[in-house]
Amino acid sequence: MPRSAISPAPRPAASAPAPVADAARGAWLQAFRRVRAETERRAANLTAEDQIVQSMADASPTKWHRAHATWFFEQFLLVPNDPAYKIFDERFPFLFNSYYVAAGPRHARPQRGLITRPSAKEVAGFRAHVDAAVERLIEQVPAADAPRVFEILEIGLQHEQQHQELLLTDILHAFAQNPTDPVYDANWKAPRASQGPRGFVDVPSGIHSIGHAGEGFCFDNETPRHDELIPPVRIARHLVSNAEWLEFIAAGGYATPSLWLSDGWTTVQAEGWQAPGYWRQRDGAKDGTWHVMTLAGLKPVDPSAPVLHVSYYEAEAFARFAGKHLPSEAEWEVAARAGLLADAFGVAWQWTRSAYLPYPGYRAAEGALGEYNGKFMVSQMVLRGSSLATPEGHERVSYRNFFYPPARWQFSGLRLAEFE
Ligand SMILES: [Fe+2]
């Protein structure tokens, strides 16, 4: 399975502190700089005005992402582990805490776009202050404390990578509200589907172990590893394409209530959905030419590319239309581990039919960091794989992404499964 690219070296077990080689400190320093620089690289295409906008309650401004990922290091790494650390600005924890109740009160999420101050420049100063302090900590933390400190550092890096993806999905949503169709990156290209035989392939049935195994980082929600019974099922090698989605539209998929879950049909009607997120017919033309808002601006829909920006409701309705199903997350993981899936990673998160629930025996950790995943284990659905916006090295075969069923501003698509 892919290992986290952030992990620079095999780590000493947290329970057995050992002298930390200078090489390990150097590797963590490099990993920290690489991840922090990637956030700034993604933000560099955006003006200060772009960075303020919050286009809906679910999305956050770029400036907020840059500051919040920085607050995470200040709150969970520096304050508890560096007695000499000075909070950059006493007002920032309230502004940039997201949902950590144990870490104190916080600004209302839907109002993040009203925070014109601090300026983007002041946020850059906050980032530089925390960068310097974290680098000092990496270099100077006593060897006995290093395993615990590096463990929190790694969570902070993985967390910042998650926000790097959100930075792109959130700015795309903001740009999609702008009638001038702003371009985030003129050189951005939609991912192409892998070539190779299409069709369905048998997933090895029987009892399989699911969840994180072996070395390397994982989030707590990928554990405990446990057994699942995989029924006889076949899974699509490829992701569902735009061409297939156009057939669904042409067949009246968005106007046929019998294809939809009740909540899905209610959403279709309330939102007026007639196509995936960001799809438009230019100038109101009904000539069947669909365009889609992308990171490179408005582009014609490429029929051969995998469909993106569909909700769970749409994925489920499409599967019903096709006479198929969505795979469960365990079926997906077994198939991915067996190397059966094209475009498992790096194109589109793939909706599964699995509710986001704790694995058997899962318990969230004590304290604020225990709020990271566990408290969200209700009313959401699991997506597997990774997307074109997922930072390099962040994907894992056991990774569990999760969103509410109507969400479609992520790079979310699907692959199908079929039963005999
Ligand atoms: Fe966060």
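Numbers at a glance
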read-out	value
Members of region 307-317 that are in contact with a Gly (Cβ under 7 Å, 6 or more places away or on another chain) and open to solvent by 10 Å² or more (accessible area, probe 1.4 Å)	Leu308, Tyr313, Glu316
Any hit, region 143-152, residues being within 16 Å of the ligand (Cβ to nearest atom) and open to solvent by 40 Å² or more (accessible area, probe 1.4 Å)	no
Evaluation of Tyr99 against (1) part of a helix (DSSP H, G or I); (2) farther than 20 Å from Ala31 by Cα (one fails), failing number	(1)
Qualifying position, being modelled with pLDDT under 95 and more than 18 Å from Ser258 (Cβ to Cβ), among Gly288, Gly277	Gly288
Of residues in region 153-168 being of a type in the set (Asp, Glu) and open to solvent by less than 10 Å² (accessible area, probe 1.4 Å), the one nearest to the ligand (Cβ to nearest atom)	Glu160
Meets criteria (at pLDDT 95 or above, under 20 Å from Val397 (Cβ atoms) and either in a strand (DSSP E or B) or open to solvent by 30 Å² or more (accessible area, probe 1.4 Å) (or both)) for Pro360	yes
Residue among Glu329, Glu333, Glu371 that alone is in contact with a Phe, Trp or Tyr (Cβ under 8 Å, 6 or more places away or on another chain) and surrounded by 15 or more Cβ atoms within 10 Å (Cβ to Cβ)	Glu371
Condition check for Leu340: surrounded by fewer than 21 Cβ atoms within 10 Å (Cβ to Cβ) and at pLDDT 95 or above	yes
Residues of region 169-184 classified as within 16 Å of the ligand (Cβ to nearest atom) and either among the acidic types (Asp, Glu) or crowded, with 23+ Cβ neighbours inside 10 Å (or both), total	1
Positions within region 73-109 being of a type in the set (Phe, Trp, Tyr) and either touching a residue at least 40 places away in the same chain (Cβ under 8 Å) or away from the ligand (no atom under 14 Å from the Cβ) (or both), in sequence order	Phe73, Phe76, Tyr85, Phe88, Phe92, Phe94, Tyr99, Tyr100
Residue ranges of strands (runs of 3 or more DSSP E) in region 171-232 with at least 2 members of a type in the set (Gly, Ala, Ser) and over 19 Å from Tyr362 (Cα atoms)	none
Residue in region 378-394 that is out of contact with any strand residue (DSSP E or B) (no Cβ under 7 Å at 6 or more places or on another chain) and within 26 Å of Ala270 (Cβ to Cβ) present	yes
For Leu416: the one exception among (1) touching a residue at least 40 places away in the same chain (Cβ under 8 Å); (2) open to solvent by less than 30 Å² (accessible area, probe 1.4 Å); (3) under 18 Å from the mean Cα position of the chain (by Cα)	(3)
Test: residue in region 32-39 that is within 16 Å of the ligand (Cβ to nearest atom), outside any helix (DSSP H, G or I) and closer than 22 Å to Val183 by Cβ	no
Filter pass, Thr70 being within 13 Å of the ligand (Cβ to nearest atom), open to solvent by less than 10 Å² (accessible area, probe 1.4 Å), among the β-branched types (Val, Ile, Thr) and closer than 21 Å to His129 by Cβ	yes
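Yes/no matrix, rows are residues, columns are (1) in contact (Cβ under 8 Å) with a residue 40 or more places away in the chain; (2) part of a helix (DSSP H, G or I); (3) under 14 Å from Ala84 (Cβ atoms):
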position: Pro118; (1), (2), (3): yes, no, no
position: Val123; (1), (2), (3): yes, yes, no
position: Asp131; (1), (2), (3): yes, yes, no
position: Leu137; (1), (2), (3): yes, yes, yes
position: Pro142; (1), (2), (3): no, no, yes
position: Phe150; (1), (2), (3): yes, yes, no
position: Leu153; (1), (2), (3): yes, yes, no
position: Leu157; (1), (2), (3): yes, yes, no
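The values are calculated or read from the model by the stated rules, or taken from the named source; none is laboratory data. All figures in this text were calculated on a predicted structure; none of them were measured in a lab. Every residue, glycine as well, gets a Cβ built from its backbone with ideal geometry; the counts of neighbours run over all protein chains shown. Areas reflect the complete protein model, heavy atoms only, side chains present, ligands, DNA and RNA absent. Shrake-Rupley method; radii C 1.70, N 1.55, O 1.52, S 1.80 Å.
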